[in-house]
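First up is the structure itself, then whatever we jot down about it.
The values are calculated or read from the model by the stated rules, or taken from the named source; none is laboratory data. Fair warning: this is a prediction, and the values are worked out from it, not measured in the lab. Note that we place each Cβ from the backbone using ideal geometry, even for glycine, and neighbour counts take in every protein chain shown.
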Amino acid sequence: MPDAALPVLSLLPGDLPPLVWEPFREGIAVSWIYRTGAGGPAAAFLRYDPGAAAPHHVHDGYEHILVLEGSQEDARGRYPAGSFVVNPPGTGHTVSSPEGCLVLIVWERPVRFV
């Protein structure tokens, strides 16, 4: 758990505190909010460059995504800023962002890239 919780309103685009970014996947950077390790929950910001895609992965737990800027898409549709997506356990998808995006993501359990 982080030392101090950030107020939700401070997470809106344009008002983000300075974040530490690291590579996650090609064209995708991550800024971790928390990680519990050992297959437990985690939350992070993901920043997709225009045209970036996360390869096919399977959810072993719930995945919650709030699109803050831009849009992302998968086989079920396009999710513009303001969209809230819940992917239940046992589902899988490939995610892309033709225009780039910033999302807040919460994983109940880590995803498995297949």
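Identify all residues within the range 45-58 that are of a type outside the set (A, V, I, L, M, F, W, C) and not in a loop (DSSP other than H, G, I, E, B); write none if there are none.
As a first pass, look at the range 45-58 and keep what is of a type outside the set (A, V, I, L, M, F, W, C): 47-51, 55-57.
If the condition is that a residue be of a type outside the set (A, V, I, L, M, F, W, C) and not in a loop (DSSP other than H, G, I, E, B), then 47, 48, 55, 56, 57 are the ones that fit.
Given the conditions (1) at pLDDT below 95; (2) closer than 22 Å to residue 94 by Cβ, which single one is not true for residue 26?
(1)
Mind telling me which of the residues 35, 76, 47 ends up being basic (Lys, Arg) and more than 14 Å from the chain's Cα centre (by Cα)? Explain how you work it out, then say what you get.
On the way: 35 fails: more than 14 Å from the chain's Cα centre (by Cα); 47 fails: more than 14 Å from the chain's Cα centre (by Cα).
None of the other options fit; the residue is 76.
Pairs needed: first member in the range 61-87, farther than 22 Å from residue 40 by Cβ; second member anywhere, β-branched (Val, Ile, Thr) and surrounded by fewer than 19 Cβ atoms within 10 Å (Cβ to Cβ); C-beta distance under 8 Å; at least 6 residues apart or different chains.
Here the result reads 67/85; 74/94; 75/94; 79/85, each pair linking the range 61-87 to a residue that is β-branched (Val, Ile, Thr) and surrounded by fewer than 19 Cβ atoms within 10 Å (Cβ to Cβ).
Within the range 21-44, is even one residue among the small types (Gly, Ala, Ser), touching a residue at least 24 places away in the same chain (Cβ under 8 Å), surrounded by 17 or more Cβ atoms within 10 Å (Cβ to Cβ) and not in a strand (DSSP E or B)?
Here is the first cut: in the range 21-44, the residues among the small types (Gly, Ala, Ser) are 27, 29, 31, 37-40, 42-44.
From what is left, the residues that are touching a residue at least 24 places away in the same chain (Cβ under 8 Å) are 27, 39-40, 42-44.
Now narrow it down to the ones that are surrounded by 17 or more Cβ atoms within 10 Å (Cβ to Cβ): 27, 42, 44.
Of the ones still in play, those that are also not in a strand (DSSP E or B) are 27.
Within the range 21-44 (the criterion being among the small types (Gly, Ala, Ser), touching a residue at least 24 places away in the same chain (Cβ under 8 Å), surrounded by 17 or more Cβ atoms within 10 Å (Cβ to Cβ) and not in a strand (DSSP E or B)), the answer is yes, since at least one residue qualifies.
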